[in-house]
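Working notes, beginning with the structure itself.
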Amino acid sequence: MTATQTMMTETETMVLPGGRRDKRRHDRFRYRDGRIAYLLILPAVVLLGIFVIWPAVYAGYLSFQDWSFYKDPQFVGFRNYTNVLSDPLFWEAIGRGFVFVAMTVPPMLILAFFFSSLVVSVSRWFASVLKVSIYIPTIISSVITSIIFVLIYNYSGGILNAMLGGFGIDPIAWIGDPAWALLAIAIPAIWLGMGLTSLIMVAAMVDIPAEYYEAAAMEGANWWEKTRFITIPQMKNVFLYLLITGFVAAIQQFELPLVMTGGGPLNATTLPNLFIFNHFRNDINVGYSIAAALLLFVVLGTVSALVFRFVNSERLVD
C-alpha cells in the first residue's frame, strides 16, 4: 500500500477538525437512517395503496364501462364522459357549487380572522374560553346540525321567522324557496367550518414575532395599519392553505343539502356531490356516476392549481 493510500485510509476513519465525521461514516449512517424512514412510512403507503390508489385506478377503469351491479362490465369508451359533459344538470351543479363556495369561504375567512384577532388580544383565560366556544360546532355531526337548522328555518314554528315576526316581517320559506334555499344551507356550513379555521389563524397569529408589532407601535401605527402591513402579509401562506381547503370542502358539501332539502326545491341546492349521489342511487349505469366523480376531481384539481399559480405562495422569511 502506498503512502497516499495509507493517508486516505486514516483520513476516512478520523474525526475532522470542527467535530465533522468522515465521509464514509456519514454515508453509512445516512443509509441506515434512510432504511428506517422507509420502514416507518411503509404502513401508510400500504394503506394508501389499498384504500386510495387502487380504488382510484379501478374507478378509472369502470368509468369506461357500461357497468352496473346486475351485469358484467362492457367497454363503451368515452361514452360515459360524453354523457356527463353533455348533461346540463351536471354543469348547473358545478356552477351552483362555485356559487356556494362564494357564499361560504370568503365570509368564513373574514369572520375567522376577526375572531382570531380578538382571541390574541384578550387575556389568556378569556382566550381559552373563546377558543373552546368557537371549536364546539366542529365536533357536532353535520346531520345533527342539519336537523337543528331545519327547526330554526321552519316556516310556521321556526325561531328565525318568530324573530322576524317581532319586527313585522312576514314568514319566509327559507328552505322551501329557491331564492333562499342555497343561502340557508350556506349559514350552517360557515358555522361548522369556523372553529377549525379560527384555531389555525390563532396559531398563525401567535407565531408572528411580537417585535414587529412593537416596532410598528413605536412608529405610531394603529390596529388597522398593523393588520394590513404585518398580520396579513405574515399569514399569506395560511390564507392560501385555508382558501384551498375551504374551496374543496365547500364545493364537495353533501350532508347539509341531503338532509335539509334533498337537493330541492327545483334543484336549487343540488351541489356536485349530491348530483353524483342521486345518479348513483337512481341510475343503474354506475359508470356515469364514476365518470362524473372523476370529472369533478379534475375541476377541483384545476382550480386548486390555478390558485397556487396566481397566488404568491413563497415561504416567508423572518
Next item on the list: Enumerate the amide H contacts of GLN65 below 5 Å, restricted to partners 5 or more residues apart or on another chain; note that Pro and chain-start residues carry no placed amide H.
Entry: VAL76
Note to self: Run the numbers for VAL99 and LEU42: contour at 0.36 nm per residue of separation, minus the present Cα-Cα distance, in nm.
What the structure shows: 16.4 nm
Notebook entry, point to check: Label-point separation (nm) for ILE148 and ASP207, each offset 7 Å from Cα along Cα-to-Cβ?
Noted result: 3.0 nm
Check: Taking only C-alpha pairs under 8 Å that are 6+ residues apart, what is the relative contact order of segment 88-310 in percent?
Finding: 29 percent
Next item on the list: Quick one: order THR245, THR269 by neighbouring beta-carbon count within 10 Å, fewest to most.
Entry: THR245, THR269
Margin query: Taking θ = phi - 60°, what integer Hz values does the Karplus form 6.51 cos²θ - 1.76 cosθ + 1.60 yield along segment 242-247, in sequence order, with x for Gly and Pro?
Written below: 5, 5, 5, 5, x, 4
Next item on the list: Calculate, in nm to one decimal, what THR138 and VAL303 gain on full extension: separation in residues at 0.36 nm each, minus their alpha carbon distance.
Entry: 56.8 nm
Item checked: Two-site label geometry, ARG281 and VAL129: point separation in nm, points 7 Å out along Cα→Cβ -> 4.4 nm
Margin query: I'm a student and want to see the number: the projected area of the Cα convex hull of the chain, averaged over all directions, in nm².
Written below: 29.5 nm²
Margin query: As an exercise, use a Förster radius of 51 Å and the Cβ-Cβ distance of ASN83 and TYR155 to find the FRET efficiency, rounded to the nearest 0.05.
Written below: 0.85
Notebook entry, point to check: Pairing the Cα long axis of helix 178-206 with the longest principal axis of the chain, what angle in degrees results, from 0 to 90 and rounded to the nearest 10?
Noted result: 20 degrees
Margin query: Given points 7 Å out from each Cα along the Cα-Cβ axis, report the ALA221 to LEU183 separation in nanometres with one decimal.
Written below: 3.7 nm
Checklist line | Positive-end residue, the chain charge dipole about Cα centroid, Cβ charges, pick of GLY60, VAL120, TRP224 | finding: GLY60
Notebook entry, point to check: Who wins for biggest fluctuation among ALA93, ALA305, ALA102 in a Gaussian network model of the chain, springs between alpha carbons below 10 Å?
Noted result: ALA305
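Computed from the coordinates by the stated procedures, all read-outs in this text should not be read as laboratory data. Since the structure is predicted, the reported quantities are computational estimates derived from the model, not experimental observations. Here the Cβ is made from the backbone with ideal geometry for all residues, glycine too, and neighbour counts use every protein chain on show.
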